[in-house]
Amino acid sequence: LIGRNTPVRIDLITPEELPAQPELVRTIGAAPPAGASAIRIIHIDGIDRQPCGGTHVRATGEIGRVIVTKIEKKSRQNRRVAVAFA
């Protein structure tokens, strides 16, 4: 997925638009903050689309090579993946 160098696009939606797209918030407790005038949506075509307020690369290829060092089962549906950059 990283090697595809897929562009990362940033879209904005209003808080009122979010309930019509429940698939965007897939992690319990990770909903966008209340009171925001706009919600930033990170869109990686064919890979992921969800709200996020963090820093992002312009394309997946900027990440570079990574090695998965550990996968922890946090709940029935959630996993924590630890990586190291090669």
Inset, instruction - Determine, yes or no, whether ARG4 is at negative phi and open to solvent by 80 Å² or more (accessible area, probe 1.4 Å). - result: yes
Inset, instruction - Identify the residue in the stretch 69-82 that is at pLDDT 95 or above and open to solvent by less than 100 Å² (accessible area, probe 1.4 Å) and, among all such residues, is farthest from ARG26 (Cα to Cα). - result: THR69
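Can you give me the number of residues within the stretch 55-68 that are open to solvent by less than 60 Å² (accessible area, probe 1.4 Å) and in a loop (DSSP other than H, G, I, E, B)? Step through it out loud before you land on a result.
Within the stretch 55-68, the subset open to solvent by less than 60 Å² (accessible area, probe 1.4 Å) is 57, 59-61, 64, 66.
Filter again for in a loop (DSSP other than H, G, I, E, B), leaving 57, 64.
Here the count works out to 2.
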Inset, instruction - For ARG65, work out the one condition from (1) in contact (Cβ under 8 Å) with a residue 60 or more places away in the chain; (2) touching a Pro at 6+ places or on another chain (Cβ under 7 Å); (3) not hydroxyl-bearing (Ser, Thr, Tyr) it doesn't fulfil. - result: (2)
Legend entry - Cross-chain or 6+ apart pairs with Cβ under 8 Å, the stretch 70-86 first and over 16 Å from ILE2 (Cα atoms), then part of a loop (DSSP other than H, G, I, E, B): ASN78/THR27; ARG80/LYS74
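Suppose the filter is closer than 20 Å to ARG79 by Cβ and touching a helix residue (DSSP H, G or I) at 6+ places or on another chain (Cβ under 9 Å); does LEU24 pass it?
Details: closer than 20 Å to ARG79 by Cβ: yes; touching a helix residue (DSSP H, G or I) at 6+ places or on another chain (Cβ under 9 Å): yes.
Yes.
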Legend entry - Residues satisfying the stated conditions in the stretch 7-32, i.e. open to solvent by 80 Å² or more (accessible area, probe 1.4 Å) and part of a helix (DSSP H, G or I): PRO19, ALA20, PRO22, GLU23
Inset, instruction - Check the stretch 33-54 and report whether any residue there is part of a strand (DSSP E or B), exposed (fewer than 13 other Cβ atoms within 10 Å of the Cβ), more than 12 Å from the chain's Cα centre (by Cα) and at pLDDT 90 or above. - result: no
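The values are calculated or read from the model by the stated rules, or taken from the named source; none is laboratory data. As the structure is a prediction and not an experimental result, all values here were calculated from the model. Note that each Cβ is placed from the backbone with ideal geometry, even for glycine, and that neighbours are counted across all protein chains shown. Ligands, DNA and RNA are stripped out before the accessible areas are found, and what is left, the full protein with its side chains, is counted by its heavy atoms. Shrake-Rupley method; radii C 1.70, N 1.55, O 1.52, S 1.80 Å.
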